[in-house]
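Peer 1: Once you've had a glance at the structure underneath, I'll fire off some questions.
The values are calculated or read from the model by the stated rules, or taken from the named source; none is laboratory data. Bear in mind that the values here come from a model prediction, so they are computed numbers and not experimental data. Glycine also receives a Cβ, built like all others from the backbone with ideal geometry; neighbour counts cover every protein chain displayed. Heavy atoms of the whole protein, side chains included, go into the accessibility calculation; ligands, DNA and RNA do not. Shrake-Rupley method; radii C 1.70, N 1.55, O 1.52, S 1.80 Å.
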Amino acid sequence: MPSTFPPGDPAPPDGALPATALEGMAARTLGVYLHVPFCRVRCGYCDFNTYTLPELGADADTGRYLGAALAEVELAGRVLAPGDPPPASTVFVGGGTPTMLAPAALGALLGRVRDTLGLTDEAEVTTEANPDTVTPRVAEELAAQGFTRVSLGMQSVVPHVLRTLDRTHDPANVERAVAAVRAAGLQVSLDLIYGTPGESLEDWQSSLETAVSLEPDHVSAYALVVEEGTRLAAQVRRGELPAPEDDDEADKYELADRVLAAAGYHWYEISNWARGDAHRCRHNVAYWRGGDWWGVGPGAHSHVGGVRWWNVKHPQAYADRLAEGLSPAHAREVLDDGQRHDETVLLRSRLAEGLPTDLLSAPARTAVAGLVADGLVDGPAAVRGRVVPTLRGRLLADTVVHRLLPG
């Protein structure tokens, strides 16, 4: 089941933000995340806020969801207007499986963002997709609706790994989907998962080599995390499957970095590689840089000017709130200066562009020399005033952050 809410303070019924959050917004960038909470099958490892239509029963109304999401975009326009926000420079449609909605419905969401918040001329517009749902016609319709990028959930090409993950797509459909997306003139990203119980190093290498043979513009590779409350966690707890091992995942990360680098991909965030700067996921980069974004949809999270909030999770409760003219926000938190600093260190130290050392406290700047000596941070970059993790530092990212946040 989806993970539980974090603690927070009550959110105002009209969604209003403090004036301090809106100050200077015109000079910042704005992203929009659109959450589509529907899946055909719930994968055993997933704790995202998603629902199969049978789980929703009588509440399985994708049309009502769409109307509510369109209303939340209008709410965003009203709430952000006093800050004179810039037009959105990125839009990311995630889930769930966004392509369970017709391209025209996804286009309606994008159109409402364009009409209400505006879009920059070079906006990056991404949708996630299950490979089985992407045909040449779907890809062409997505392009016609204004999408520029499709992120395909490949995960693995090895049947027994996909079965363990409860992924139902046909591995052969990944190649077909990539070809369809590319023929429509869209950028292609592939998402991979490593560390699945029973996955050998050879299995992982096969997935990597297949991925690079398809020549995507971008690759994400994430270590499997066994989340409490998922079917996978129950299987591990009962001893039916072994838990992922840190050493095994480290070996697989190093293999991924070697294979992707040899194929011309450059890491720009610990779990993400691109063929060049133009193919980085700008939406996610804005997250890691602490940018502003409005999250639309059940359970979606947002952040503007140091204020973070999250929506009610169930699609019915979400739609009910908006039908009553209320914000769907469940709760929020206003970050103080210390929390914002800690998040900056946590997130920007994951980037190849590095964390500027002038953002660090005096004790943390002193700690950088030790991180260099231990091979966790790049020495020449540190001399230039930036903390950039080495390969070893990427594997031990928590250690780097811990030492940069003393006390």
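Peer 1: Name the single residue, out of those in region 87-145 being under 17 Å from Val188 (Cα atoms) and in a loop (DSSP other than H, G, I, E, B), that is most open to solvent (accessible area, probe 1.4 Å).
Peer 2: Among residues in region 87-145 that are under 17 Å from Val188 (Cα atoms) and in a loop (DSSP other than H, G, I, E, B), the one most open to solvent (accessible area, probe 1.4 Å) is Thr135.
Peer 1: Also, I was wondering about something else. How many of the residues making up region 8-29 are assigned to a helix (DSSP H, G or I) and either modelled with pLDDT under 95 or farther than 16 Å from Pro86 by Cβ (or both)?
Peer 2: First, pick out the residues of region 8-29 that are assigned to a helix (DSSP H, G or I): 19-22, 25-27.
Those still in the list that are either modelled with pLDDT under 95 or farther than 16 Å from Pro86 by Cβ (or both) too: 19-20.
So the answer is 2.
Peer 1: Out of Gln155, Gln205, Gln187, Gln145, I need the residue that is at pLDDT 95 or above and touching a Gly at 6+ places or on another chain (Cβ under 6 Å). Which one? Steps first, please.
Peer 2: Details: Gln155 fails: touching a Gly at 6+ places or on another chain (Cβ under 6 Å); Gln205 fails: touching a Gly at 6+ places or on another chain (Cβ under 6 Å); Gln187 fails: touching a Gly at 6+ places or on another chain (Cβ under 6 Å).
The conditions single out Gln145.
Peer 1: Additional query: Kindly provide the set of residues from region 304-321 that are in contact with a Pro (Cβ under 6 Å, 6 or more places away or on another chain) and of a type in the set (A, V, I, L, M, F, W, C), ordered by number. Talk me through it step by step, then tell me what you get.
Peer 2: In the first step, residues of region 304-321 are kept if they are in contact with a Pro (Cβ under 6 Å, 6 or more places away or on another chain); the result is 311-313, 315, 318, 321.
Selection gives Val312 alone.
Peer 1: Which fully enclosed strands (runs of 3 or more DSSP E) of region 249-354 have 1 or more residues being open to solvent by 10 Å² or more (accessible area, probe 1.4 Å)?
Peer 2: Working: elements: 266-269, 272-274, 292-296, 301-304, 307-311, 329-334.
Counting at least 1 such residues, we get 266-269, 292-296, 301-304, 307-311, 329-334.
Peer 1: Separate question: Being modelled with pLDDT under 95, among the acidic types (Asp, Glu) and over 24 Å from Ala274 (Cβ atoms) narrows it down to one of Asp132, Asp115, so name that one. If you could, list the steps in order and put the result at the bottom.
Peer 2: Details: Asp115 fails: modelled with pLDDT under 95.
Residue meeting the stated conditions: Asp132.
Peer 1: Output the number of the condition that Ala364 fails; it satisfies all remaining conditions of (1) touching a Leu at 6+ places or on another chain (Cβ under 9 Å); (2) free of Cβ contacts under 8 Å to residues at least 60 places away in the same chain; (3) open to solvent by 10 Å² or more (accessible area, probe 1.4 Å); (4) of a type in the set (Gly, Ala, Ser).
Peer 2: Every condition holds for Ala364 apart from (3).
Peer 1: Let me ask something else about it. Please verify whether region 110-125 includes one or more residues that are under 18 Å from Ala68 (Cα atoms) and among the small types (Gly, Ala, Ser).
Peer 2: Going residue by residue through region 110-125, those that are under 18 Å from Ala68 (Cα atoms) are 110-117.
Those still in the list that are among the small types (Gly, Ala, Ser) too: 111.
There is at least one residue in region 110-125 that is under 18 Å from Ala68 (Cα atoms) and among the small types (Gly, Ala, Ser).
Peer 1: Can you tell me how many residues within region 43-100 are of a type in the set (Gly, Ala, Ser), touching a residue at least 24 places away in the same chain (Cβ under 8 Å) and under 29 Å from Pro12 (Cβ atoms)?
Peer 2: Step one: filter region 43-100 for residues of a type in the set (Gly, Ala, Ser), giving 44, 57-58, 60, 63, 67-69, 71, 76-77, 81, 83, 88-89, 94-96.
Next, only the ones that are touching a residue at least 24 places away in the same chain (Cβ under 8 Å) stay: 44, 67-69, 71, 76-77, 83, 88-89, 94-96.
Then keep just the ones that are under 29 Å from Pro12 (Cβ atoms); that gives 67-69, 71, 76-77, 83, 88-89, 94-96.
Total satisfying the criteria: 12.
Peer 1: In addition: For Glu74, indicate whether it is touching a Ser or Thr at 6+ places or on another chain (Cβ under 8 Å) and under 23 Å from Thr120 (Cα atoms). Steps first, please.
Peer 2: On the way: touching a Ser or Thr at 6+ places or on another chain (Cβ under 8 Å): yes; under 23 Å from Thr120 (Cα atoms): yes.
Against the criterion (touching a Ser or Thr at 6+ places or on another chain (Cβ under 8 Å) and under 23 Å from Thr120 (Cα atoms)), Glu74 qualifies.
Peer 1: Considering only region 392-406, I want to know if a residue exists there that is free of Cβ contacts under 8 Å to residues at least 60 places away in the same chain, open to solvent by less than 60 Å² (accessible area, probe 1.4 Å), part of a loop (DSSP other than H, G, I, E, B) and more than 30 Å from Ala69 (Cβ to Cβ). Even if it seems obvious, please write down each step before you answer.
Peer 2: Here is the first cut: in region 392-406, the ones free of Cβ contacts under 8 Å to residues at least 60 places away in the same chain are 392-393, 396, 398-404, 406.
Pick out the ones that are also open to solvent by less than 60 Å² (accessible area, probe 1.4 Å) and you get 393, 399-401, 404.
With part of a loop (DSSP other than H, G, I, E, B) added as a condition, the list becomes none.
No; the residues of region 392-406 include none that is free of Cβ contacts under 8 Å to residues at least 60 places away in the same chain, open to solvent by less than 60 Å² (accessible area, probe 1.4 Å), part of a loop (DSSP other than H, G, I, E, B) and more than 30 Å from Ala69 (Cβ to Cβ).
Peer 1: Among (1) surrounded by 17 or more Cβ atoms within 10 Å (Cβ to Cβ); (2) over 23 Å from the mean Cα position of the chain (by Cα); (3) modelled with pLDDT under 95, where does Ala233 come up short?
Peer 2: Of everything listed in (1) surrounded by 17 or more Cβ atoms within 10 Å (Cβ to Cβ); (2) over 23 Å from the mean Cα position of the chain (by Cα); (3) modelled with pLDDT under 95, Ala233 misses just condition (2).
Peer 1: Inspect region 196-211 for any residue being open to solvent by 10 Å² or more (accessible area, probe 1.4 Å) and within 21 Å of the chain's Cα centre (by Cα) and give the result as yes or no.
Peer 2: No - not one qualifying residue is present in region 196-211.
Peer 1: Within region 236-248, track down each residue that is without any contact (Cβ under 8 Å) to a residue 40 or more places away in the chain and open to solvent by less than 80 Å² (accessible area, probe 1.4 Å).
Peer 2: Result: Val236, Gly239.
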